[in-house]
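The values are calculated or read from the model by the stated rules, or taken from the named source; none is laboratory data. Predicted, not measured: the structure shown is a model, and the values here were computed from it. Cβ: placed from backbone, ideal geometry, glycine included. Neighbour counts: every protein chain shown. The accessibility values were calculated without ligands, DNA or RNA, using every heavy atom of the protein model including side chains. Shrake-Rupley method; radii C 1.70, N 1.55, O 1.52, S 1.80 Å.
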Amino acid sequence: MPSPRQWAEQGRILRVTTWEEPIMHRVCAPVNDFGPDLHQLVADMFATMAAADGVGLAGPQVGVDLALFVFNCTDADNRFHFGVMCNPVVELPDGDARNLEAGDEGCLSWPGAYGLLARPDRAICRAVDENGAPVTVTGTGLLARCLQHETDHVNGVVFGDRLSARARRKLNEQRDSLRHLYPADWPVSPKGRPEPST
């Protein structure tokens, strides 16, 4: 498999959709065609994720109604993992094996806003890759959070849906206060700089 950088070099940067758009709130269609068009989409997604400084990016986040995501992030031991997950299904521990870890979570589709969210600290994600071959990724730490977050996206769930009404209001306030920094086609056009304080 190409590295994230090699994928990105073959792709073009796409606009990242926002939570306000309907595609972010519906279950995505399964990936059934593993040909050149999918490979180009994967390259575009890696290029977009890199431009936006993200660790994961799902199909609906670039306006595509397909159940896939790309990722490039570290696990609990600071080891990098990357890949392409089509038609992902996440398995989470239960009973005594279930340990929730609270952490700040953000989303490229609601940029600049972070909310404290507890998720299981381990996750197994089963999918197929860009060629249709089965793949299983076991995640800990940030990788576990990423696998859950991105699989949520292909199921029409944004992480704000998992927050209390009060926490969601705070998240939206953060986003609104920073909205002026993100052009309508971000990250095709780069993020702006805050005005210097006087």
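Placing +1 on each Lys and Arg Cβ and -1 on each Asp and Glu Cβ, with no other charges, gives the chain a dipole about its Cα centre of roughly 500 debye.
Can you tell me the FRET efficiency between residue 166 and residue 37 if r is taken as the Cβ-Cβ distance and R0 is 45 Å, rounded to the nearest 0.05? E(calc), rounded to 0.05, equals 0.55. With Cα atoms defining each centre, the stretch 1-74 and the stretch 137-187 are spaced 16 Å apart in the structure. Applying Stokes-Einstein at 4 °C and 1.567 mPa s to the Kirkwood radius of the stretch 133-198, computed over alpha-carbon pairs, gives a translational diffusion coefficient of 86 µm² s⁻¹. Qualifying trypsin sites (Lys or Arg not before Pro) in the stretch 94-189, where qualification requires a DSSP coil assignment and no more than 14 other C-beta atoms within 10 Å, comprise 98. Taking only the C-alpha atoms of the stretch 1-87, Rg followed by Dmax gives 12.7, 37 Å.
Using the Cβ-Cβ distance between residue 116 and residue 138 with R0 = 25 Å, the FRET efficiency computed as 1/(1 + (r/R0)^6) comes to roughly 0.50. Calculate what fraction, in whole %, of the accessible area of the chain sits on carbon and sulfur atoms when a 1.4 Å probe is rolled over the protein chains. The value for the chain is 50 percent carbon and sulfur by accessible area. Label residue 89 and residue 126 with points 7 Å out from Cα along Cα→Cβ: what is the distance between them in nm? Modelled inter-label distance: 0.5 nm. Placing unit charges on the Cβ atoms only, positive for Lys and Arg and negative for Asp and Glu, gives the stretch 1-78 a dipole magnitude near 120 debye about its Cα centre.
Could you pull out the trypsin sites (Lys or Arg not before Pro) across the stretch 1-55 that fall in loop regions by DSSP (anything but H, G, I, E, B) with no more than 13 other Cβ atoms inside 10 Å?
Values: sites: 5, 12, 15, 26; in loops: 12, 15, 26.
For trypsin sites (Lys or Arg not before Pro) across the stretch 1-55 that sit outside H, G, I, E and B with at most 13 neighbouring Cβ atoms in 10 Å, the list reads 12, 26.
For the stretch 63-159, how big is the tail of P(r) above 18 Å, as a whole percent of Cα pairs? Could you put the intermediate results ahead of the total?
Values: 2115 of 4656 pairs.
Above the 18 Å cut-off, the stretch 63-159 has 45 percent of its Cα pairs.
Relative contact order for the chain: what is it in percent, counting Cα pairs under 8 Å that are at least 6 residues apart? Please report the intermediate quantities before stating the final value.
Values: 399 pairs, mean separation 45.2, N = 198.
Relative contact order, the chain: 23 percent.
Helices in the chain, meaning DSSP H runs of at least 4 residues, each add -39500 (n - 2.57). Divided by all residues, the mean residue ellipticity at 222 nm is -8000 deg cm²/dmol.
Rounded to the nearest 0.05, the FRET efficiency derived from the C-beta distance between residue 100 and residue 173 at R0 = 22 Å is 0.30.
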